[in-house]
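Asker: Right, I'll just put the structure down here and ask away after.
The values are calculated or read from the model by the stated rules, or taken from the named source; none is laboratory data. Bear in mind the structure is a predicted one, so any value in this text is a computation, not a measurement. Side chains are part of the model used for accessible areas, which takes the heavy atoms of the whole protein and leaves out ligands, DNA and RNA. Shrake-Rupley method; radii C 1.70, N 1.55, O 1.52, S 1.80 Å.
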Amino acid sequence: MKRSSLLSLLLATGALALAGCGGDGSGTSTGGSNAGRAASSGPKTTADGGIEIAMKGIAYSPQTVSVRVGQRITWVNEDDVLHDVASTSGDEFKSELYPKGESYSWTPTEPGRISYVCTIHPGMEGTLDVTG
Ligand SMILES: [Cu+2]
């Protein structure tokens, strides 16, 4: 069992390197393979009224989310690599790195704008607009 977790770590590292090579788009190229995915279609709502943000393709989806104070936010890792969430301005939160299929939840307690990042993927950033 030790061996298979080492293998998945190696795979994750390889995927990360690939993503690093391809992920340099500056936003508005029309020929890009995943252009058009930038438009957010609104976050998923969970059964208890919380909000779900996917970590997919080395990005948060949707990238910017409006939430209310007290509304639980859950980040679900759908990638084959580890991700985390760590706020860089505004209210503070930080998760551990976690693998595909796992999630981290945090509930804002005050209004404000929060910027957050994945600490191992430069450019993987998100914003929460918390309203009272
Ligand atoms: Cu990440």
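Asker: Under the 0.36 nm per residue contour assumption, what length would be gained going from the current alpha-carbon distance of T109 and L97 to full extension? Each step should come with its number before you reach the end.
Answerer: Numbers: separation 12, 0.36 × 12 = 4.32 nm, distance 2.33 nm.
Computed gain between T109 and L97 is 2.0 nm.
Asker: Give me the base-10 log of I(q)/I(0) for region 83-132 at each q in 0.17, 0.23, 0.29 Å⁻¹, Debye formula, one uniform scatterer per Cα, rounded to two decimals.
Answerer: Ignoring solvent entirely, the Cα scatterers give -0.50, -0.85, -1.17.
Asker: For region 43-132, which whole percent of the accessible surface, found with a 1.4 angstrom probe, sits on carbon and sulfur atoms?
Answerer: Numbers: 2120 of 4510 Å².
Whole-percent figure for carbon plus sulfur exposure: 47.
Asker: Moving on to the next point. Heavy atoms of the protein only, probe of 1.4 Å, neighbouring chains included. What is the accessible area of D48 in Å², nearest 10?
Answerer: 110 Å²
Asker: Normalised by the number of residues in region 43-132, what is the relative contact order in percent for Cα pairs under 8 Å and 6+ residues apart?
Answerer: 30 percent
Asker: How many percent of DSSP beta bridges within region 43-132 run antiparallel, rounded to 5?
Answerer: 65 percent
Asker: Let me ask something additional. Output needed for region 43-132: three equivalent-ellipsoid semi-axes, defined as square roots of 5 times the C-alpha gyration tensor eigenvalues, in descending order, whole Å.
Answerer: Working: eigenvalues 75, 42, 22 Å².
Semi-axes (√(5λ), whole Å): 19, 15, 11.
Asker: Order V81, V69, most accessible first, counting only protein heavy atoms with a 1.4 angstrom probe.
Answerer: Greatest to least solvent exposure: V69, V81.
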